[in-house]
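Asks: The structure under discussion is supplied below as structure tokens; questions concerning it will follow.
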Amino acid sequence: MVDNVVQVLTDDEAWELLATVALGRIALSVNGQPDIFPVNFHAGEGRIVFRTGEGTKLSEIAVNENVAFEADDHTALRGWSIVAKGAARVLVSTHDIAAADELPLRPWIPTIKYNYVEISVDEISGRRFLFGPEPERYPV
């Protein structure tokens, strides 16, 4: 069996990796019903910011600000996954929106997205994985 196939990351390592990708997933829950949505995002300074149009994400955040966010990446040999938990809020002040407009964050699809959502991260965790064949499950 290979040792160290799963490495737990420090918070700083998790933030560094999170800043290297642009696509993640936000998990929301209202009335015990979970939802998950892909979003392009910007991460840094203890927060995750994404843009969205009117719809389900905004409605669900208004009901329950507690969210989870996940992003990952991989090559043929290794991968990683980061999970962040915190409170989401729609940015409404002119100052916050102007600052968010300066982030390198643009929609991937040609739709208008006026709303910025910021997740203030309370908890972040990450793991790095080394891929390989499954060990023998039933040794002789």
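The values are calculated or read from the model by the stated rules, or taken from the named source; none is laboratory data. What you see is a predicted model, and the numbers here were worked out from it, not measured in a lab. Every residue, glycine among them, receives a Cβ derived from its backbone with ideal geometry; neighbour counts consider all protein chains shown.
Asks: Given the conditions (1) surrounded by 13 or more Cβ atoms within 10 Å (Cβ to Cβ); (2) polar (S, T, N, Q); (3) under 21 Å from residue 9 (Cβ atoms), report the number of the one that residue 75 does not fulfil.
Replies: Every condition holds for residue 75 apart from (1).
Asks: Would you please name the residue that is surrounded by the most Cβ atoms within 10 Å (Cβ to Cβ), looking only at residues in segment 44-55 that are in contact (Cβ under 8 Å) with a residue 24 or more places away in the chain and closer than 19 Å to residue 92 by Cβ? Give the derivation first.
Replies: From segment 44-55, those in contact (Cβ under 8 Å) with a residue 24 or more places away in the chain are 44, 46-54; that's our starting set.
Next cut, closer than 19 Å to residue 92 by Cβ only: 47-54.
Values: 47: 14, 48: 25, 49: 20, 50: 27, 51: 22, 52: 20, 53: 13, 54: 11.
If we take residues in segment 44-55 being in contact (Cβ under 8 Å) with a residue 24 or more places away in the chain and closer than 19 Å to residue 92 by Cβ, then 50 is surrounded by the most Cβ atoms within 10 Å (Cβ to Cβ).
Asks: Only one of these is surrounded by 20 or more Cβ atoms within 10 Å (Cβ to Cβ) and out of contact with any Phe, Trp or Tyr (no Cβ under 7 Å at 6 or more places or on another chain): 58, 28. Name it.
Replies: Testing whether each residue is surrounded by 20 or more Cβ atoms within 10 Å (Cβ to Cβ) and out of contact with any Phe, Trp or Tyr (no Cβ under 7 Å at 6 or more places or on another chain) leaves just 28.
Asks: On to the next question. Do we find that residue 83 is outside any helix (DSSP H, G or I), in contact with an Asp or Glu (Cβ under 9 Å, 6 or more places away or on another chain) and at pLDDT 95 or above in this structure?
Replies: yes
Asks: Can you find, within segment 83-96, the residue that is surrounded by the most Cβ atoms within 10 Å (Cβ to Cβ) among those that are among the β-branched types (Val, Ile, Thr) and without any contact (Cβ under 8 Å) to a residue 40 or more places away in the chain? It would help to see each step written out before you state the result.
Replies: Taking segment 83-96 and keeping what is among the β-branched types (Val, Ile, Thr), we get 83, 90, 92, 94.
From what is left, the residues that are without any contact (Cβ under 8 Å) to a residue 40 or more places away in the chain are 90, 92, 94.
Numbers: 90: 16, 92: 9, 94: 8.
Among residues in segment 83-96 that are among the β-branched types (Val, Ile, Thr) and without any contact (Cβ under 8 Å) to a residue 40 or more places away in the chain, the one surrounded by the most Cβ atoms within 10 Å (Cβ to Cβ) is 90.
Asks: Next up: Looking only at segment 1-43, count every residue that is in contact (Cβ under 8 Å) with a residue 24 or more places away in the chain, under 13 Å from the mean Cα position of the chain (by Cα) and over 15 Å from residue 126 (Cβ atoms) and tell me the total.
Replies: So the count comes out to 7.
Asks: Same structure again: Here's a check for you: in segment 106-130, which residue that is touching a residue at least 60 places away in the same chain (Cβ under 8 Å) and among the hydrophobic types (A, V, I, L, M, F, W, C) is nearest to residue 21 (Cα to Cα)?
Replies: 108
Asks: Restricting to segment 97-140, give me the number of residues that are among the polar types (S, T, N, Q) and surrounded by 15 or more Cβ atoms within 10 Å (Cβ to Cβ).
Replies: 1
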